[in-house]
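**Student:** Once you've had a glance at the structure underneath, I'll fire off some questions.
We did not get these values from a lab; they are worked out from the coordinates using the rules stated. All figures in this text were calculated on a predicted structure; none of them were measured in a lab. Counting neighbours? That spans all protein chains shown, and the Cβs are built from the backbone with ideal geometry, glycine included.
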Amino acid sequence: MPLFYRLAADAIVLLHMTYVLVVVLGLPAIWLGILFRQPWARNVWWRCGHLSMILIVVAEAWAGITCPLTTWEHQLRELAQQEAYSGDFIANLVHDWLFYDLPPWVFTAIYSVFGLLVLISFLVAPPHWRPGQPPVSAKL
């Protein structure tokens, strides 16, 4: 049974990493898509989904809540009798990749600034609510 829990924990990590990559790479992709007038960059479902994803991260950070995916992975690692890392998923990624050990408030600030950039992008270059029809307040 420990093998099942280990594989489940690894699947959670893959899901978590996918979430992170969509949020982080989504913003520059949106900017480039708008710059090159790609219709997908103004798709209301994509844009609202992306905005919602970062707002969830920001809300968790401000509330001091550990991401449920991180909690679930920790529980599965314990059931698999593996050592789990401590702290926040993103903080651990940054630590592992860049060897920086920063206090949690720094990550909250980073999440908040990034979320603000996504929100500003949403307002400055809003999504199209109907295919092929620009919104009334379109600036780009």
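**Student:** Of the listed peptides 8-15, 31-38, what is their order by residue-averaged count of other C-beta atoms within 10 Å, with the highest listed first?
**Tutor:** 8-15, 31-38
**Student:** Cβ neighbours within 10 Å, averaged per peptide: list 118-128, 67-77 in order, most packed at the top. If you can, show how the numbers build up before the last one.
**Tutor:** On the way: 118-128: 15.8, 67-77: 17.5.
The peptides rank, most packed first, as 67-77, 118-128.
**Student:** A follow-up question, please. What is the percent of Cα-Cα separations in the stretch 2-124 that go past 17 Å?
**Tutor:** Value for the stretch 2-124 (Cα pairs over 17 Å): 61 percent.
**Student:** Give the calculated FRET efficiency between LEU7 and ILE56 to the nearest 0.05, with a Förster radius of 25 Å applied to their Cβ-Cβ distance.
**Tutor:** After rounding to 0.05, the efficiency reads 0.45.
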